[in-house]
Amino acid sequence: MPAVLLPEHDLGRDVRFGGPPAVPLVALTFDDGPNGACTAAVLDALAATHAPGTFFVLGANVARGGNDAVLARIVREGHTLGVHGYWHGVRRLFFRDLTARDLARSIDAISAALARAGLPPVPVRFFRPPFGFLLEPTERAAEDLDLMVVEWTLSVGDWRHGRTADDVVAAILAGVHGGDVIVLHDGDRTHQRSAQRCVDRPLAAEVVRRLVPALAARGLAPAPLAAVLGLAPPADLTRARAAH
């Protein structure tokens with residue numbers, strides 16, 4: 001589970017962890033991108049398995065340049081874009097104004113990157129704080145920008161050294177239920193060690209290729225994050241079920 005300091009009073013109303021367990025849908029979410037070839041490989045795997053994903057991107061990774069094409073591909077292929085902050089750190093999350101500034105900066109970076117790739121801006125609805133660390137100033141800052149905070153219900157440490165795709169898939173299958181928001185990583189914070197090859201997070205794509213059919217065998221289907229959280233219109237939910 002995320003490292004969360006639970007909000008009080010009227011806070012928490014715009015924080016989501018997962019969806020209704022009775023609905024046989026799960027969300028595949030990816031943190032710390034975009035990361036060039038690693039993100040492209042995940043997109044290839046999602047396309048091959050006909051699965052939607054949600055990418056919580058870091059503003060610094062978008063703004064540095066070099067990832068415009070893969071960011072545009074996320075949008076063109078119908079996946080969801082969210083923000084994971086500008087830097088992958090928690091210090092600024094203690095301050096509402098600094099967090100709001102970083103979130104706005106991230107959204108501006110996304111719009112600029114998409115414009116360079118020939119696409120119009122897209123709505124950004126979701127924010128996942130780095131490490132899932134949630135404080136009152138963090139949520140207030142998200143609220144200032146009309147962002148919903150989305151944590152996760154299932155994380156199996158896919159970033160840990162020495163893990164294999166089989167390890168990660170087995171760990172997910174051991175705990176997965178309907179309504180889960182699964183977190184994987186297509187990037188390694190703000191590192192991008194190669195522009196040509198997937199060096200930082202080579203497991204994610206293979207995990208997707210193995211996980212999606214295994215979920216189907218259990219009667220579970222990946223769906224857009226909004227559908228899993230119960231935020232999508234009924235027609236969108238029906239389409240998500242029909243696709244699998």
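The values are calculated or read from the model by the stated rules, or taken from the named source; none is laboratory data. What you are looking at is a predicted structure, and each value in this text was computed from that prediction instead of being measured. Note that each Cβ is placed from the backbone with ideal geometry, even for glycine, and that neighbours are counted across all protein chains shown.
Within the stretch 154-179, the set of residues being within 16 Å of Phe17 (Cβ to Cβ) and out of contact with any helix residue (DSSP H, G or I) (no Cβ under 8 Å at 6 or more places or on another chain) comprises Ser155, Gly175, His177, Gly178.
Inside the stretch 125-149, residues that are of a type in the set (Asp, Glu) and assigned to a loop (DSSP other than H, G, I, E, B) make up a count of 1. Here the helices (runs of 4 or more DSSP H) wholly within the stretch 58-121 that include at least 3 residues being more than 16 Å from the chain's Cα centre (by Cα) are 68-76, 96-116. Across the stretch 67-102, the number of residues qualifying as under 20 Å from Ala226 (Cβ atoms) and touching an Asp or Glu at 6+ places or on another chain (Cβ under 8 Å) comes to 1.
With respect to the conditions (1) within 14 Å of Val42 (Cα to Cα); (2) at pLDDT 95 or above, Arg218 falls short on a single one, namely (1).
Which of the following residues is without any contact (Cβ under 8 Å) to a residue 60 or more places away in the chain and surrounded by 21 or more Cβ atoms within 10 Å (Cβ to Cβ): Thr80, Thr138? Just a single option satisfies the conditions, and that option is Thr138.
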